[in-house]
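Structure, as C-alpha cells:
The values are calculated or read from the model by the stated rules, or taken from the named source; none is laboratory data. Keep in mind that what you see is a predicted model, and the values were worked out from it rather than measured. Cβ placement follows ideal geometry from the backbone for every residue including glycine, while neighbour counts extend to all protein chains displayed.
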2 protein chains.
Amino acid sequence: MAKELKNLTKRSENYSKWYNELVVKADLAEQADVRGCMTIKPYGYSIWEKIQRELDNRFKETGVQNAYFPLLIPKSFFGKEADHVEGFAKECAIVTHYRLKVDEEQGGIVVDPAARLEEEYIIRPTSETIIWNTYKNWIHSYRDLPILCNQWCNVMRWEMRTRLFLRTSEFLWQEGHTAHATREEAEERTRMMIKVYADFVEQFMAIPVIQGVKSETERFAGAIDTYTIEAMMQDGKALQSGTSHFLGQNFGKAFDVQFIDKDNTLQYAWATSWGVSTRLMGALIMTHSDDNGLVLPPNLAPIQVVIVPIYKTEDDLRAITEKVNPIIDELKKAGISVKFDDDDKRRPGFKFADYELRGVPVRLVLGSRDVENGTVEVMRRDTLEKETLPIDGICEAVGKLLTDIQDNCYAKAKTYMDQHIYECDNYNEFKQRIADGGFFLCPWDGTAETEAKIKEETQATIRCIPFGVSQENLGNDMVSGQPAKFRALIARAY
Amino acid sequence: MAKELKNLTKRSENYSKWYNELVVKADLAEQADVRGCMTIKPYGYSIWEKIQRELDNRFKETGVQNAYFPLLIPKSFFGKEADHVEGFAKECAIVTHYRLKVDEEQGGIVVDPAARLEEEYIIRPTSETIIWNTYKNWIHSYRDLPILCNQWCNVMRWEMRTRLFLRTSEFLWQEGHTAHATREEAEERTRMMIKVYADFVEQFMAIPVIQGVKSETERFAGAIDTYTIEAMMQDGKALQSGTSHFLGQNFGKAFDVQFIDKDNTLQYAWATSWGVSTRLMGALIMTHSDDNGLVLPPNLAPIQVVIVPIYKTEDDLRAITEKVNPIIDELKKAGISVKFDDDDKRRPGFKFADYELRGVPVRLVLGSRDVENGTVEVMRRDTLEKETLPIDGICEAVGKLLTDIQDNCYAKAKTYMDQHIYECDNYNEFKQRIADGGFFLCPWDGTAETEAKIKEETQATIRCIPFGVSQENLGNDMVSGQPAKFRALIARAY
C-alpha cells in the first residue's frame, strides 16, 4: 500500500488520472464487469450512507416522505411529454423479454423468443413519467395536495463515456417529486429544495457552491425552470452537484392529473422534481483531496480518529493499550468514531500512509515514551500538521480539532473558488483563460446561438445565471456584441 | 374513510381478500401499472424504513458492511453455477437493447434494432454471480478474508401470480454475501445470520418464528444448506420470512475465487448468502392485524400516539391545545412519535376509524370535560380497550402502555402459533386437518418422493426440519411407512 500510494499521480501532473487512481486506491469504487457500471465498495458506500442519512433528515424536516415506485417504465409513458422523451428516451436499457431457456442445439442458455413482451419496458432513467402516472390516482381534490414524495433508488442511462461516480450507466440517487395546487407553491418548493441542497453541500460536505438557474438549453427535459448548484473542482472545472426543477403543469397535463380546487373548478396539478446522486461522491473527492490521497471533512469520515500504537514488545503494547482504552471510550461517548489499529501484521509507516490515503481526519500516535510522558502525537489530515499534546484533555482537543478541520475544509475550498471566479466581458480574453479553468461571469445576450458558439469554440458551457450576482448594467454580450440580458456563469464542466 | 373501513372484509369471511383490501386501504402499497410490480406508498415505506434501520444496525454489530453491486448481470454469469441457473435464470427481465429511436414511418418511439447488445443482461434476481465475479479480484490471501458485505437493493423475478408484498416481480430486499477461509467459519456465519433474523423478527416485529433447515427440494439453488425462519399467519399458513444459505465452495469454484491460506496452499473461498425482503411487510400485516385494520407493534408504527381533540368552539380547542402541548413535548423527548390531529375538516369518528385502520398503537382523546377534570381517554389499538387516566403522569403511562402493546403483540401471536402446532404421524388425519391450517410435526423418511407426494395431495410443503424439536424415536414416515429420518414441519405456505 505504501508503495501503491507513492504511485498516486500528482494533481499537477494529470488531475483526471489522479482522480481515477484515487477512487480505486482509496477503496471507494471500481469498474464492474458490466458496461459502464461501478461497484461501490464498503468504504465508499459508508460515505454515501452518511450523505443519505443527513439529506434524508433534512428532506423530512420539510415534510417530505419516502416512497418507492417501479424500476421499469412502459415505453409508451415516455412519449407523453414531448420534451421529456427527447431528453431521456434515447440511450437507455430496454427490457424486451422475460424468459431464458436452455438452447437445445448449442447448449447454454438463450433468450426465449416466445417470451417477448408486448410492450417494452425501460429501466428508469428518471421517474417523472411513472410517478405522475401514479399521482393521477392519488390526486382528486385540493385536499389531496401537496404530495411530497422522495425515493432513494438506482437509475440507468446508457452513457457512452463513463467515469466512476461522475458519470456511470447505473447510479444511485434520490429523486423528489412533488405535486401542488398552485404555481406559486410549486415554485416555492423548487427554490426550497435547491436551498436544502446548497445548505447540505456547504455545511455538511464543506463544498462551497454557486446557486443559479439554468439556461433553456441546459434545462431538464420537460422543465420550465431548472435550478442548480455548481461546485468548483481543484482544476477549476464545474461540477453540477444537484438540481431542482419547476415542471409547471407539463406532467400534470401529460398524465391528466386534474383536481377540484377550492372554487370547485378542475385544474391541472403543478409539479417539481429534484435530485442529487452518487456524483456528490465525485464532488467530495475532487474538492478536498490532495496528492497523498483523500481528505474527508469529519462529517463524512467513516473513521474520524485512528489511533496507532508504536511498540516493540507485548508489554509496551499492553501499557499503551491501557492508556488508549479510556480515550476510546470517551471519544465514542462524544459520538466520535474511532479505530485503534494494533494489527501487528502492518508496520506503522504502512498504516500512516494507508490512513492518509483513506482520508481519516485525525491520527493519534502513542509510543512507550508517550506513555511515560503522558503525551500523544496528533496529526490532522487536512494540513498534515503534527503536534504533541497531553493525554489529559485529549478528547476535548480532538473534538475541537474535528470541528476545526470541518471548517477549514470549507474555508480552503471557498477561498479557492472565490479566487477563481472572474468577471470577463472580452471573448478573446475568455478564450485564452478558459483553458486554465475557473468560473467566468460574462454578459450574455440570452440566445441559444451564442451559447452554442461558446460551447463549440471553447468546450465551456453556461452553468447558470447565478443568484446574488448583479444583473444590472450588463453591457453587451462578449460574443455577439448584442445587448446582454444576463450575467452568466460560464465554465468547463464535468 | 369510515364508510370504506366498514367495507373491510372480515378475516373469517375471506382471509386473502381481507389482506388484499387492508394493504390498499391502510395506504401501504398498491398495484402499479407495470406487470406484477407495486408502488410502496409513504405510510408503508415508513414502516419498511424502520425495518431497514434496525436490521442494518444489527448487521453492522456483527461486522457487516454495506456495498453496492450492479443491477444488471451478464447472461453468461448464470451458466457458471449449475444449480443456480436452474433456479434463477428462467423467468427474469432481460435487457437486449440500449437505444430507442423515433419511428420515421409510424411516428412514436421504437426500439432501435441497431442497438442490440452483444450479450444480454439480466436484471438481478439475486446477486451471487455478479458479487462472486467481483470477489475474485478482492480475494488473494487468507488476510483478505472474511469479506462481509450486504446490499439493500431492488431485485426482479418475473412472477406469474403476484400479491402485494408477498410476491411481486420487483421487490426490495437486503442480500448479504460473505466469503470465508474455512468451512467452519462460513457455517457459523450462516447460523449467526438466521439467528439475527429470528431475534429481529421476534423482538422487534413481535412475530414468533420457527427456525430450521430446509429440505433439499426447498433449498436455495446453489446452496449446500438453507436455514429458514417460518412464521404462522392467522389463517394457519406458513410464511417463509428470511433465509440464510451455506453455499460451500460452489460459487468460489464457479467464479474461480482462490486464496493462499496460512499454509501457503491455494484454496477456494467458502460462501454464505442471506436475505429478507419487503415480504416481511406481509408477515407483519398478517400476524397482528384484525377486522378493524392494521395492528402495528409500537416499534414499527410511524405514528405511535395520536391525540384527537373533541371540541365545539375555537375556545374549547385552545384550552385543549394548551393542555396537549406539554404532553406532546414530553412524549417527543421520550423518543415517542406523536401526532396531534386538530384538522377541523374531519370529524372525530372519522379520525378514530382512520387511525384504527392504520394501526396507530395508542389514541388519546381530550374533550372539554377532560380539560376540567384533568383527565384523558386512552385507547390501545391491540385490544381496543379504553380507560380514562389523569393527565398527570400520562407520558409515563403511555410509555409503559407502548411496551405492553409490543409485548402483547408477541404474546398473542406466540399463543396462536403454539396452539396451532400439532404432532401428527397419521397421514389420513393430516389430510383431514391440513385444510384448517396449522404447522404439523410429522415423521418423514427424508425422500423427495414422499415430499412430492405430500405436496401434490395436500398442497402442503416441508417448511423445515425445525431446530429444538426432538429428532429421536421418530417411528415411521406417515406416508411411506418407511423408517423416518426427521421430524419435519409441514404446512401450507404463502
Subset of region B:146-162 that is out of contact with any Ser or Thr (no Cβ under 9 Å at 6 or more places or on another chain) and either of a type in the set (Gly, Ala, Ser) or part of a loop (DSSP other than H, G, I, E, B) (or both) - its residue that is nearest to B:Ala26 (Cα to Cα): B:Arg161
Filtered residue count, region B:81-101, keeping only those that are more than 9 Å from chain A (Cβ to nearest Cβ) and of a type outside the set (Phe, Trp, Tyr): 6
Every residue from region B:352-396 that is basic (Lys, Arg), surrounded by 12 or more Cβ atoms within 10 Å (Cβ to Cβ) and out of contact with any Pro (no Cβ under 6 Å at 6 or more places or on another chain): B:Arg358, B:Arg363, B:Arg380
Those strands (runs of 3 or more DSSP E) lying entirely in region A:163-255 with at least 3 residues within 13 Å of A:Ala283 (Cβ to Cβ): A:225-232, A:238-248
Any hit, region A:135-142, residues being under 16 Å from A:Ala181 (Cβ atoms), of a type outside the set (Lys, Arg) and assigned to a strand (DSSP E or B): yes
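Quick grid of which residues meet (1) outside the structural domain of A:Ser46 (by TED's automatic domain parsing); (2) small (Gly, Ala, Ser); (3) within 20 Å of A:Leu402 (Cα to Cα); (4) touching a residue at least 12 places away in the same chain (Cβ under 8 Å):
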residue	(1), (2), (3), (4)
A:Lys323	yes, no, no, yes
A:Pro326	yes, no, yes, no
A:Ala334	yes, yes, yes, yes
A:Asp343	yes, no, no, no
A:Phe352	yes, no, yes, yes
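Report yes if some residue within region B:26-44 is in a helix (DSSP H, G or I), touching a strand residue (DSSP E or B) at 6+ places or on another chain (Cβ under 7 Å) and closer than 17 Å to A:Asn150 by Cα; otherwise report no. Even if it seems obvious, please write down each step before you answer.
Let us first name the residues in region B:26-44 that are in a helix (DSSP H, G or I), namely B:42-44.
Next, from what is left, pick out any that are touching a strand residue (DSSP E or B) at 6+ places or on another chain (Cβ under 7 Å): B:42, B:44.
Going one step further and asking which of them are closer than 17 Å to A:Asn150 by Cα, we end up with B:42, B:44.
Scanning region B:26-44, I find at least one residue that is in a helix (DSSP H, G or I), touching a strand residue (DSSP E or B) at 6+ places or on another chain (Cβ under 7 Å) and closer than 17 Å to A:Asn150 by Cα, so the answer is yes.
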Residues of region A:381-402 that turn out to be in contact with a strand residue (DSSP E or B) (Cβ under 8 Å, 6 or more places away or on another chain), outside any helix (DSSP H, G or I) and under 23 Å from A:Leu357 (Cα atoms), as a count: 5
Odd one out for B:Glu105, checked against (1) at the interface with chain A (Cβ under 7 Å from one of its Cβ atoms); (2) part of a loop (DSSP other than H, G, I, E, B); (3) farther than 19 Å from B:Met156 by Cα: (1)
Of all residues making up region A:295-323, the number that are more than 21 Å from the chain's Cα centre (by Cα) and either among the charged types (D, E, K, R) or in a helix (DSSP H, G or I) (or both): 11
Residue list for region B:187-209, filter: surrounded by fewer than 24 Cβ atoms within 10 Å (Cβ to Cβ) and either aromatic (Phe, Trp, Tyr) or in contact with a Pro (Cβ under 9 Å, 6 or more places away or on another chain) (or both): B:Phe200, B:Glu202, B:Phe204
Matching residues in region A:1-25 - criterion: being at pLDDT 95 or above, assigned to a helix (DSSP H, G or I) and in contact with a helix residue (DSSP H, G or I) (Cβ under 7 Å, 6 or more places away or on another chain): A:Tyr19, A:Leu22, A:Val23, A:Lys25
Subset of region B:31-43 [of a type in the set (Gly, Ala, Ser) and within 8 Å of chain A (Cβ to nearest Cβ)]: B:Ala32
Selection from region A:130-154 of residues that are touching a residue at least 60 places away in the same chain (Cβ under 8 Å) and either at the interface with another protein chain (Cβ under 8 Å from one of its Cβ atoms) or in contact with a Leu (Cβ under 8 Å, 6 or more places away or on another chain) (or both): A:Ile130, A:Asn133, A:Thr134, A:Ile139, A:Cys149, A:Trp152, A:Cys153, A:Asn154
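Matching residues to (1) in the same structural domain as A:Lys262 (by TED's automatic domain parsing); (2) more than 24 Å from B:Val102 (Cα to Cα); (3) among the hydroxyl-bearing types (Ser, Thr, Tyr); (4) in contact with a helix residue (DSSP H, G or I) (Cβ under 8 Å, 6 or more places away or on another chain):
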{"position": "A:Cys92", "(1), (2), (3), (4)": "no, no, no, no"}
{"position": "A:Val102", "(1), (2), (3), (4)": "no, yes, no, no"}
{"position": "A:Ile109", "(1), (2), (3), (4)": "no, yes, no, yes"}
{"position": "A:Ile131", "(1), (2), (3), (4)": "yes, no, no, no"}
{"position": "A:Arg143", "(1), (2), (3), (4)": "yes, yes, no, no"}
{"position": "A:Ile147", "(1), (2), (3), (4)": "yes, yes, no, yes"}
{"position": "A:Met160", "(1), (2), (3), (4)": "yes, no, no, no"}
{"position": "A:Arg163", "(1), (2), (3), (4)": "yes, yes, no, yes"}
{"position": "A:His177", "(1), (2), (3), (4)": "yes, yes, no, yes"}
Among the candidates B:Phe69, B:Phe78, B:Phe59, residue that is closer than 30 Å to B:Lys262 by Cα, of a type in the set (Phe, Trp, Tyr), at the interface with another protein chain (Cβ under 10 Å from one of its Cβ atoms) and crowded, with 19+ Cβ neighbours inside 10 Å: B:Phe69
Residue satisfying all of: in region A:114-129; farther than 12 Å from A:Lys75 by Cα and outside any loop (DSSP other than H, G, I, E, B); farthest from the other protein chains (Cβ to nearest Cβ) among these: A:Glu128
